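> Have a look at this one.
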Amino acid sequence: LLTQNGGLSRPGAGDLLMLLAALARTLHVLAMARLKGIRGAAALPLTTVQLTTAVVVFAILSAGGGGATPWATAAGFGAREWAGLVFLSVFCTLFAFFVQMWAVRRTSPSRVSLLLGTEPLWAAAVGISLGGERLGVLGVAGAVLVLAGTAWGRRSADRGARSGA
């Protein structure tokens with residue numbers, strides 16, 4: 001509802017990819033919180049390993065896509081494209097991995113996952129403020145559902161923590 005201008009539509013390949021990404025993020029947060037070797041590691045080297053792994057995995061996946069390789073695309077970049085790539089790499093990937101690592105060490109995996117679940121709201125806020133997008137009634141309903149789900153999940157996590165579960 002939040003991202004569909006015309007309301008609900010038939011799920012497509014992108015929707016499946018988003019569900020897989022949510023599953024991967026959940027497994028990633030749980031692994032970071034539960035594995036003793038990760039919990040004791042310094043944040044910067046671990047973030048470097050995470051980023052390197054992401055680059056290798058996505059380079060391999062993109063090689064089978066049938067289109068231009070990432071390297072061929074990057075060869076045609078001008079200053080504006082490189083600035084955008086550096087911004088996305090540093091602030092949206094490296095910084096995000098680092099903050100996620102920091103947060104998992106200071107709170108529970110369920111809290112981190114719930115907070116990460118509000119990403120669509122932040123994306124909508126940026127789209128509205130910087131991109132001039134408009135949020136219709138269905139978009140507002142989607143935002144309310146995200147907030148309600150996050151609040152419900154936090155209450156459930158807090159109850160579970162208090163009961164020792």
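The values are calculated or read from the model by the stated rules, or taken from the named source; none is laboratory data. None of these values were measured; they are calculated from a predicted model. Cβ atoms come from the backbone with ideal geometry, glycine included; neighbour counts cover every protein chain shown. Calculation scope for accessible area: heavy atoms of the full protein, side chains included, ligands and nucleic acids excluded. Shrake-Rupley method; radii C 1.70, N 1.55, O 1.52, S 1.80 Å.
> Quick one: M101 ticks every box in (1) touching a Pro at 6+ places or on another chain (Cβ under 7 Å); (2) in contact (Cβ under 8 Å) with a residue 12 or more places away in the chain bar one, so which box is it?
(1)
> Hey, S108 hits all of (1) open to solvent by 50 Å² or more (accessible area, probe 1.4 Å); (2) modelled with pLDDT under 85 but one; which does it fall short on?
Just one mismatch for S108, condition (1).
> Something else about it: Considering only segment 49-66, state which residues are modelled with pLDDT of 80 or more and either within 13 Å of Q100 (Cα to Cα) or exposed (fewer than 10 other Cβ atoms within 10 Å of the Cβ) (or both).
Residues satisfying the conditions are L51, I60.
> Within the set of pairs 6+ apart or on separate chains, which have a first residue in segment 116-131 that is in contact (Cβ under 8 Å) with a residue 12 or more places away in the chain, a second that is among the polar types (S, T, N, Q) and in a helix (DSSP H, G or I), and C-beta atoms under 8 Å apart?
Pairs that qualify, where the first residue is in contact (Cβ under 8 Å) with a residue 12 or more places away in the chain and the partner is among the polar types (S, T, N, Q) and in a helix (DSSP H, G or I), are L116/Q100; G117/T150; T118/T150.
> So, L114, is that one surrounded by 13 or more Cβ atoms within 10 Å (Cβ to Cβ), out of contact with any strand residue (DSSP E or B) (no Cβ under 7 Å at 6 or more places or on another chain) and closer than 19 Å to A24 by Cβ or not?
yes
> What pairs come up if the first residue lies in segment 141-165 and is at pLDDT 70 or above, the second is open to solvent by less than 100 Å² (accessible area, probe 1.4 Å) and part of a loop (DSSP other than H, G, I, E, B), and their beta carbons are under 6 Å apart, counting only those six or more places apart or on different chains?
A141/L1; G142/L1; G142/L2; A143/L2; T150/G117; T150/T118
> From (1) hydrophobic (A, V, I, L, M, F, W, C); (2) under 22 Å from T26 (Cβ atoms); (3) at pLDDT below 80; (4) open to solvent by 70 Å² or more (accessible area, probe 1.4 Å), pick out the condition that doesn't hold for M101.
M101 satisfies all of (1) hydrophobic (A, V, I, L, M, F, W, C); (2) under 22 Å from T26 (Cβ atoms); (3) at pLDDT below 80; (4) open to solvent by 70 Å² or more (accessible area, probe 1.4 Å) except (4).
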